[in-house]
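Each remark here refers to the structure printed beneath this line.
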Amino acid sequence: MNVLRLEGRVWLTEAVAVTIAESAERAHPDEAGGVLIGVLSRSRPWVTAAIEIPSAHASGSYYGLPEGSRRRVVSHHRQSDGRLGYLGEWHSHPSDVVPSRVDIDAMKRVARDLDACSPHPLLIVARRRDCAYTLDAREVRNARVRRVRLIAAGPLPPAGHDSESGTDLRWQPGGAHDYDLAPIR
Ligand SMILES: [Zn+2]
């Protein structure tokens with residue numbers, strides 16, 4: 001597809017990559033999935049948690065987020081850490097195939113959904129290749145979908161650390177905080 005371009009970057013903690021891979025392995029040969037939450041670092045996503053959400057309809061070729069689960073999971077995590085917000089979704093593909101048209105259309109709907117407060121949502125698909133899952137990340141921007149590069153990052157500093165370190169937290173209405181802090185390799 002020529003709408004996909006190799007640009008953009010997304011920070012991802014090692015724990016998130018492990019969570020997605022382990023959830024995918026556990027669910028295999030069915031798909032697993034859930035939501036991505038975190039903050040923004042210089043307006044780019046920094047994924048600090050991947051929450052697995054069981055779907056009653058998951059199969060070897062389908063995963064759908066249960067109705068209302070996104071809002072419930074995101075508000076639950078914001079209660080323990082108000083810096084966090086919804087960044088997108090993830091699911092596994094038990095074979096090595098790219099995100100489907102259904103996957104892409106679902107993320108375009110999220111981008112248009114004002115309730116999601118996420119005009120540029122991410123989709124991470126864990127694709128099974130050579131007996132292991134590898135992560136394929138896409139971002140919806142201006143109704144187009146592009147491939148983005150995942151960069152290993154450290155975990156978010158504990159809440160309350162920010163005033164001491166002088167880092168600048170910028171509030172994104174209803175969404176993730178913007179964290180003016182270079183990720184730790
Ligand atoms: Zn899919």
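Annotations
- Net charge in the neighbourhood of residue 45 (other residues with Cβ under 10 Å of its Cβ; Lys, Arg +1, Asp, Glu -1) is +1.
- Modelled this way, with points 7 Å down the Cα-to-C-beta line, the labels at residue 117 and residue 22 are 2.9 nm from one another.
- Shape call, segment 25-155: gyration tensor on alpha carbons, a/c limit 1.5: rounded
- One chain, two ends: residue 98 and residue 9. Fully extended at 0.36 nm per residue, the span grows by 30.2 nm beyond their Cα-Cα distance.
- Among 102-113, 85-96, the peptide with the highest mean count of other Cβ atoms within 10 Å heads the list, and the full ranking is 85-96, 102-113.
- Distance between the 7 Å Cα→Cβ label points at residue 130 and residue 146: 2.9 nm.
All of the numbers you see were taken from the coordinates with simple rules; none came from a lab. Please read all numbers here as calculations on a predicted model, not as lab measurements. Ideal geometry is used to build each Cβ from the backbone, glycine not excepted, and the neighbour counts take in all protein chains shown.
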